[in-house]
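Notes to accompany the following structure.
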Amino acid sequence: MSPRKTTRRQTAKKCPSCKGTGEITESVRVGRARKGQETADRQTALCLACLGSGQAPTG
Ligand SMILES: [Zn+2]
């Protein structure tokens, strides 16, 4: 008896830009007001490096 594990190997690397999440969080900054102080609001944007796949672009 030889129990085999069906664990799949993940060959795809995680996108370094979004760390595999597929989306990035950007801090919303107020233009020239408040000396560019960051606000509490953060917006989530689609990672342009991997287009939301979370995988590092190959080629
Ligand atoms: Zn990405």
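The values are calculated or read from the model by the stated rules, or taken from the named source; none is laboratory data. Predicted model only: the values in this text are computed from it and were never measured. Reconstructed Cβ throughout: ideal geometry from the backbone, glycine too, with neighbour counts over all protein chains shown.
Which residues, counting only those in the stretch 1-30, are modelled with pLDDT under 75 and either in a strand (DSSP E or B) or surrounded by 12 or more Cβ atoms within 10 Å (Cβ to Cβ) (or both)?
12, 27, 28, 29, 30
Only residues in the stretch 39-57 that are without any contact (Cβ under 8 Å) to a residue 24 or more places away in the chain and closer than 11 Å to residue 25 by Cβ count as the first member; pair them with residues that are hydrophobic (A, V, I, L, M, F, W, C) and surrounded by 12 or more Cβ atoms within 10 Å (Cβ to Cβ), Cβ under 8 angstrom, at least 6 apart or cross-chain, and list the lot.
Hits for this filter: 44/24; 45/24.
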